[in-house]
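Structure first, commentary second.
The values are calculated or read from the model by the stated rules, or taken from the named source; none is laboratory data. Remember, predicted model here, so these are calculated numbers, not experimental data. So basically every Cβ, Gly included, is an ideal-geometry build from the backbone, and we count neighbours across all protein chains shown. Ligands, DNA and RNA are stripped out before the accessible areas are found, and what is left, the full protein with its side chains, is counted by its heavy atoms. Shrake-Rupley method; radii C 1.70, N 1.55, O 1.52, S 1.80 Å.
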Amino acid sequence: MEENKSFESQLQSMLVEKQRWYNEERLLELLEEFRLLHTCVRTIYDFFIKKSLLVEDPYRMDQRISDIEIPNTEPFGENEIQTVLSERFSKYETMLDFVCTYYRFSVDGLSLGKIKKLMDLNNSFYWEDISMNSAKANVKNLAIVINKAKVNNAGVALNMLTDSIDKCVKSSKNISRYLMDLSVFQREYYKGIVRKDIIEGPNYNKEKLIL
């Protein structure tokens, strides 16, 4: 019986310590990665607008956002880039801004449901594989726009675009890794809470545990 108490005590202590580490360190790093990603995406978006590669939605600042809305990922043709990709990339940037501004980056604030939404948002434009051969419509057409931008620009402008894209790749990778790790911990944390509530509950039969 004492061994079981000792195990439960150690388990709960480890979970509390891991939760503290996430709240005070890892989730702050995750937030910084989202902030960096948003800054770079905003730079790329503004560049595309300035070069008339995309068109700005005049009503985007009037949107009322209460939760993450994942940009559409349905297929569309190259001839629709000015309309469809403009809207989707604008929404992507807006959602990143919403996450950085309003999301609470703590273990209690990031449920498994919210983690999934963050993963889906992070993958809506898959920076790790920007290619005109991609099977993903958003990625493929974004690659087409990037290629046009690189052909028609040089010097400082091109360096800024390339640097922002490279940072998006790195941040997106880190975000994916952090979210995957957090989802694993959240499941273990939840199981630990259930164990604690059951074992300390008034209807728990300690005699059965011994048997």
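Using Cα-Cα distances under 8 Å and only pairs 6 or more residues apart, what relative contact order does the chain have, in percent?
On the way: 172 pairs, mean separation 63.0, N = 211.
Relative contact order comes out at 30 percent.
So between residue 191 and residue 29, what do we pick up on full extension, going 0.36 nm a residue minus the alpha carbon distance? Please list the in-between numbers first.
Numbers: separation 162, 0.36 × 162 = 58.32 nm, distance 2.52 nm.
Roughly 55.8 nm would be gained on extension.
When the Karplus curve 6.51 cos²θ - 1.76 cosθ + 1.60 is applied with θ = phi - 60°, which whole-Hz ³J(HN,Hα) does each residue of segment 72-85 get, with x for Gly and Pro?
Running phi through 6.51 cos²θ - 1.76 cosθ + 1.60 with θ = phi - 60° gives 4, 10, 5, x, 8, x, 4, 6, 9, 4, 4, 9, 6, 5 Hz.
Of the accessible area of the chain, with the probe set at 1.4 angstrom, what percent is carbon plus sulfur? Write down the numbers at each step before the final one.
Working: 6360 of 12400 Å².
Ligands and nucleic acids excluded, carbon and sulfur reach 51 percent.
Let me make sure I get this right: for segment 56-130, a, b and c are the square roots of the gyration tensor eigenvalues over alpha carbons, sorted descending. Under 1.5 in a/c it's rounded, otherwise prolate if a/b > b/c, else oblate. Which is it?
It comes out oblate by the Cα gyration axes.
Among the trypsin sites (Lys or Arg not before Pro) within segment 46-112, which fall in a DSSP loop and have no more than 14 other Cβ atoms within 10 Å of their own Cβ? Mind dumping the intermediate values first?
Details: sites: 50, 51, 60, 64, 88, 91, 104; in loops: 51, 64, 104.
Answer in residue order: 64, 104.
Rolling a 1.4 angstrom probe over the protein heavy atoms, how many square angstrom per residue are accessible across segment 34-95? Each step should come with its number before you reach the end.
Values: 3470 Å² over 62 residues.
On a per-residue basis, 56 Å².
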